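**Student:** Got a structure for you, questions after.
The values are calculated or read from the model by the stated rules, or taken from the named source; none is laboratory data. This is a predicted model, so every value here is computed, not measured. Here the Cβ positions follow ideal geometry from the backbone for every residue, glycine too, while neighbour counts run over all protein chains shown. The accessibility values were calculated without ligands, DNA or RNA, using every heavy atom of the protein model including side chains. Shrake-Rupley method; radii C 1.70, N 1.55, O 1.52, S 1.80 Å.
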Amino acid sequence: MRVFPLAIGGLAVSVLLSVASTPQAEADNPSVGELQVRLVQSRMHLNDLLARSAAAAEQLNGARFELAEAEADLRRQRAAVKRAEAQLDDQRDVVATLTVEQLQSGTATSRLTTMLESDGPQQLLERAGAYTSTNEAMNARVDTLTAREVVHDAAVRRADVAQEARRAAVEKQAAAAAGIEQAISAAEAAVDSTERERKALLEQLAAAQDVTVTEATKKQDEIDEKIDQGGPSSPVGGPPPNTEQPETEPTDPPPTDPPPTEAKPTEPKPTPKPTPKPKPTPKPDPGPAISPSASGSKVEKAIAFARAQLGEPYKWGGAGPGSWDCSGLVMKAWGAAGVGLPHSAAGQYSRTRKVSVGSIRRGDLVYWSKGGAGSIFHVAMYLGGGKMIHAPRPGRKVEIVPITYWIKPNLASRPG
């Protein structure tokens with residue numbers, strides 16, 4: 001199993017180092033260190049499986065969104081085909097009518113006879129002009145019919161493409177549904193087995209350290225909490241590319257007012273020492289900048305809604321009330337601000353304005369993917385100051401964490 005160079009890696013190292021700093025009698029006993037390492041590895045493995053199940057759930061959300069989009073497009077294209085067919089039929093009727101009229105008007109010989117029997121040059125010119133106009137009208141109708149046939153054929157081709165896209169979307173949803181079933185089954189099985197293994201290891205650890213099981217459990221609970229806060233240790237779907245990641249942590253715009261400076265004397269003559277001026281009272285922090293594409297009230301409403309869900313549990317496919325998945329929380333938060341978004345991280349990215357990760361602002365959405373918009377598996381809302389709010393995975397609750405608590409996001413967008 002590959003491992004990300006993540007913060008969790010450093011956390012695991014720090015945890016293991018803290019384990020090594022136990023009293024000498026325990027450090028010299030290999031069974032103590034081995035038990036503690038196995039506990040950490042077991043917890044990290046469980047977190048990986050839970051993160052994979054959350055990513056699989058978001059892939060299913062995305063597949064459902066794509067299928068809904070494909071079905072809507074197919075309906076539009078089929079309606080366009082019907083309109084093209086109706087227009088083509090109308091034009092065929094017009095051409096047929098003109099053809100019958102021409103046939104009823106007689107042959108070319110009778111037309112010539114009619115013109116030769118005209119009463120003088122003027123009537124001859126009028127009849128010749130009438131025949132010319134009739135032929136031009138017929139030619140124009142035939143040209144229109146040809147154009148209608150081209151439009152109809154193009155509409156049919158687009159409908160065929162839409163039908164194929166829908167078929168592919170159905171297959172993708174089926175694969176995503178199977179994937180999440182497999183991921184959930186693996187995660188649920190791991191929860192049970194890990195709990196049994198943890199209990200047995202803690203009993204052995206307590207005996208090896210000559211402490212009670214309660215004391216050993218309490219200490220391990222603290223270690224597990226630190227591990228959980230660090231995110232999964234192995235790739236959910238492959239590390240995101242570095243092409244769109246910021247070189248430095250995104251920060252909010254600094255205050256525009258320059259710090260006060262003391263004026264330097266302009267003349268070399270000695271002057272009395274000036275009385276020190278009182279330090280200016282610092283201005284209150286205006287907070288992170290707000291996106292110009294979404295009004296401050298919308299941004300703050302969305303964030304206020306998300307913050308109100310802090311502490312509520314993650315649930316596969318959850319969109320409230322009381323439980324959430326990552327895109328469900330974002331959808332309802334921005335919905336509370338009057339901005340409609342789909343229940344899909346990939347769909348939310350496609351429906352909002354793309355921005356670089358290095359220029360994100362308060363209220364923007366940040367995404368994690370396997371390398372592009374089609375493989376997005378997690379979304380969070382940026383709060384400014386290097387913080388974000390999200391529904392992370394099963395076993396965790398809606399929380400505010402540093403944007404670098406795990407790996408940096410590689411995509412971002414701005415609702416509004």
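**Student:** I'd like the accessible area for LYS226, computed on protein heavy atoms only with a 1.4 Å probe and all protein chains in place. Round to 10 Å², please.
**Tutor:** Its heavy atoms expose roughly 120 Å² to the probe.
**Student:** Less than 10 Å Cβ to Cβ from ASP325, Lys/Arg counted +1 and Asp/Glu -1: what total charge do the surrounding residues give?
**Tutor:** Overall, the nearby charge balance is +1.
**Student:** At what distance in nm do the modelled label points of GLU136 and ALA207 sit from each other, each positioned 7 Å from its Cα along Cα→Cβ?
**Tutor:** With each label point 7 Å from Cα toward Cβ, the separation is 10.7 nm.
**Student:** Sticking with this one: Determine the sum of side-chain charges near GLN220: Lys and Arg each +1, Asp and Glu each -1, restricted to other residues whose C-beta is under 9 angstrom from that of GLN220. Could you put the intermediate results ahead of the total?
**Tutor:** Values: positive: ARG43, ARG198, LYS218, LYS219; negative: ASP221, GLU222, ASP224.
So the environment of GLN220 carries a net charge of +1.
**Student:** Moving to a separate point now. With label points built 7 Å along Cα→Cβ from the Cα atoms of ALA186 and ALA200, find their separation and express it in nm.
**Tutor:** Spacing of the two 7 Å Cα→Cβ label points: 2.2 nm.
**Student:** For every other residue with a beta carbon closer than 14 angstrom to the beta carbon of ALA336, add +1 if it is Lys or Arg and -1 if Asp or Glu, then tell me the sum. Walk me through the intermediate numbers first.
**Tutor:** Values: positive: LYS298, LYS301, ARG307, LYS332; negative: GLU300.
My count for the surroundings of ALA336 gives +3.
**Student:** While we're looking at this one, here's another question. Relative to the present Cα-Cα distance, how much length would full extension add between THR214 and GLU34 at 0.36 nm per residue of separation?
**Tutor:** 62.8 nm
**Student:** Holding the Cα-Cα limit at 26 Å, pick out from LYS218/LYS408; LYS298/LYS370; LYS354/LYS397; LYS82/LYS332; LYS354/LYS387 the pairs that are longer than that.
**Tutor:** LYS218/LYS408; LYS298/LYS370; LYS354/LYS397; LYS82/LYS332
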